């Protein structure tokens, strides 16, 4: 059965390019992203892992750990890192999980049999510090991920976990957010001291609380 938002993120122990990790212990109190790749030494995956490495400081700023996984073995991963570093002008410093037994891919439902019985699709799981899955994005092998969107989703998840707001279409950090319909109008002024504007009774905006 596929994992859904609100489910516990399955724990596992695996060999990675950074040594053996227990996934939950490795995450600690951080947010986490685990994402899959169809295969090592492939062009789209190489650009994606390179982009992840280039965004190291952005993930660190968000207190988020990132781990990649594919169904190739550790030797393959270690060799591939050299290519990623060379072609993407970066340095991979996050773990790539060796999953040649498909244990992790199966736990997270990353193998879609109608696509392939052996290779993963491009799944992304966003995990909060309580080890709960908060968002899932899935792409086919032919479509490289948009990491600006991954960071945007992460920003929204972290904001809405801390404050009682929602983020509107195309929202980016610093823009106005939405007051949920569950908040009664008579309570809005006290709960959102930065002010608010009403478009419709159910559509109310307020400045981002932490900006």
Can you sort 178, 97 so the residue with the fewest Cβ neighbours within 10 Å comes first? 178, 97
Neighbour counts of other C-beta atoms within 10 Å: give me 179, 199, 133 arranged from fewest to most. 199, 133, 179
The helix 147-162 Cα axis meets the longest alpha-carbon principal axis of the chain at an angle in degrees, between 0 and 90 and rounded to 10, of 50 degrees
Over all directions, average the projected area of the Cα convex hull of the range 13-145 and note it in nm². 7.3 nm²
Compute the angle between helix 74-88 and the longest alpha-carbon principal axis of the chain, please, reported from 0 to 90 degrees and rounded to the nearest 10. 60 degrees
In degrees, nearest 10, range 0 to 90: what is the angle between the Cα axis of helix 43-54 and the longest Cα principal axis of the chain? 60 degrees
Find how many whole Å separate the alpha carbon centroid of the range 1-69 from the alpha carbon centroid of the range 128-176. 15 Å
Among 94, 12, 59: highest mean-square fluctuation, GNM of the chain, C-alpha pairs under 10 Å: 12
Alpha-carbon spread of the range 163-206, three principal axes, descending order, Å: 28, 19, 16
Have a look at 99, 176, 40 and tell me which one the Gaussian network model of the chain (Cα, springs below 10 Å) gives the largest fluctuation. 176
At 7 Å along Cα-to-Cβ for each site, give me the label-to-label distance between residue 191 and residue 2 in nm. 3.2 nm
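Which of 74, 154 has the fewest other C-beta atoms within 10 Å, and how do the rest follow up to the most?
74, 154
Every number here is computed from the coordinates shown, using simple stated rules; none is lab data. As the structure is a computational prediction, the values presented were derived from the model and not from experiment. So basically every Cβ, Gly included, is an ideal-geometry build from the backbone, and we count neighbours across all protein chains shown.
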